[in-house]
1. Do we find a residue being touching a strand residue (DSSP E or B) at 6+ places or on another chain (Cβ under 8 Å), of a type in the set (Phe, Trp, Tyr) and assigned to a helix (DSSP H, G or I) anywhere in the stretch 203-212?
2. Is it the case that the stretch 342-349 has a residue that's of a type in the set (A, V, I, L, M, F, W, C), over 22 Å from GLY275 (Cα atoms), surrounded by 12 or more Cβ atoms within 10 Å (Cβ to Cβ) and out of contact with any strand residue (DSSP E or B) (no Cβ under 6 Å at 6 or more places or on another chain)?
3. Check off (1) closer than 27 Å to SER289 by Cβ; (2) surrounded by fewer than 16 Cβ atoms within 10 Å (Cβ to Cβ) for ASN247 and give me the number that stays unchecked.
4. Any residue that is of a type outside the set (Lys, Arg) and under 19 Å from ASN189 (Cβ atoms) - is there at least one of those in the stretch 223-240?
5. Quick one: is SER368 among the polar types (S, T, N, Q), surrounded by fewer than 19 Cβ atoms within 10 Å (Cβ to Cβ) and either modelled with pLDDT of 95 or more or assigned to a helix (DSSP H, G or I) (or both)?
6. So which of SER194, SER200, SER289 ends up being under 18 Å from the mean Cα position of the chain (by Cα) and among the hydroxyl-bearing types (Ser, Thr, Tyr)?
7. Taking the stated definitions as given, is ASN310 within 21 Å of THR333 (Cα to Cα) and touching a helix residue (DSSP H, G or I) at 6+ places or on another chain (Cβ under 9 Å)?
Amino acid sequence: MKTKLPSYNPPEQRRSHRNHHHHRHSKFHIFTTISLITIIFTYMFNKTTFISNISFNFNPNTTIPIPSNLFNSNQTFIINQLKSTSFSTIQNPVLIVKELIIQESRTDQSLQNPLIPLVNLTETIKISNLEIKNKLPEFDILMNSNQEFETRVKNFFKDCKVRFFMIWISSTFKVFGEREFIAVDALFNTNPDSCLMILSNTMDSDYGFQILKPVIDLGFRVLAIEPDFDILFNNTPAKAWFDHIKNGNHDPGEIPLAQNLSNLIRLVVLYKYGGVYIDSDFISLKDFSGLRNSIGAQSAARSGHWTRLNNAVLIFDKNHPLLYNFIEEFALTFDGNRWGYNGPYLVSRVVEREARKIELNYTVLPPSAFYLVDWTRIGGLFIRPLNRGHAKWVEAKVVQLKESSYGVHLWNKQSRRLRIEEESIMARLISEHCVVCKSFKKTDFLTG
């Protein structure tokens, strides 16, 4: 039996193996050291760069003190601080919030450790930016709190001939422009003894007050007030829907939440207080005091029967059952991905379904009342007469609107970028129905 001898490695070969192993070990240490330095350097560079990139539009003269531990406990505090600060001194308030988010994230222990992979830092900043862009403004709309809301509403509406409502809910800090001011201006020309309440999360501010001041200084009663949704929606079907949206149990959809909130708020305020709701792009041409429990048809068949209704103008008594049906339909069938489904299409399908119930006691007004000019033809109201024939048509249309319509809906989505040209129908109507009148010259056109 042969005995297997151990293999023999010459000294030179053993030295070669040791040298090779030592070389590989050294390369590993070098690679690890370089990687670690790269991570630390990139982290420090990114931290500085991100803060500088988001701060370049921020006015350094504007200071908003916010405690470092407040963000996680009360996110709406940031927006409220921005709203209480003069809008004219803030170039981009969203950037301020973005800076606060990133500064707050630095207090997290995981971000202070340079050994944490960079992907975690990157993902954290991406998430913060996404929340700033998409979630935080919408979240602020839902979380508004105004405990004095109900008291202020009741006190304001004392001794009003007609109660008017407008709604201006914005997730981007927008306030009334010239087009919206024209609607307020015209309203008090034709309804001077009435009151206008603007439910808004941005107009209830010093900046909003300055916009409305020219009308207020003339003695007309207009108030912008931030709604408290918990109070406003309480004891209506809207409350359950609102709670589901606020708690993240219902998908708000792709349509801006502010738009659908506006569709719901107009129904609830009329149900709770009664009065007239008009869109902020509706130019009033007549006294509304003779109207009660009415909704306007946007279109009608040749027989005269309506084919579509619209919710840009609504006139209803307090606690009207049709309004309750509208609110209930909104809460039960809400779809945030279909434009108009929770607005014009909602009132159309409910009225069609309830048409045979005489006890509801309401009137459907013809298209001439509020929608004499369809959205596809609204552009014609902004153009100056091109020739003598066109001038005669303009004159005839102005007369028709004054005689047949309570106002004209401007369909802002289609007309907001159009100029109101001199001697156009719009220029004629506005100049004849205003209390804070604007002159229309070739060099001074108004845009939406």
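The values are calculated or read from the model by the stated rules, or taken from the named source; none is laboratory data. Bear in mind the structure is a predicted one, so any value in this text is a computation, not a measurement. Quick reminder, even Gly has a Cβ in these numbers, built from the backbone with ideal geometry, and neighbours come from all protein chains shown.
1. yes
2. No, because not a single residue in the stretch 342-349 is of a type in the set (A, V, I, L, M, F, W, C), over 22 Å from GLY275 (Cα atoms), surrounded by 12 or more Cβ atoms within 10 Å (Cβ to Cβ) and out of contact with any strand residue (DSSP E or B) (no Cβ under 6 Å at 6 or more places or on another chain).
3. (1)
4. Checked the stretch 223-240: at least one residue is of a type outside the set (Lys, Arg) and under 19 Å from ASN189 (Cβ atoms).
5. yes
6. Criteria check complete, one pass: SER200.
7. yes
Yes/no matrix, rows are residues, columns are (1) of a type outside the set (D, E, K, R); (2) not in a helix (DSSP H, G or I):
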residue	(1), (2)
PHE288	yes, yes
ARG292	no, yes
LEU332	yes, no
ASP335	no, yes
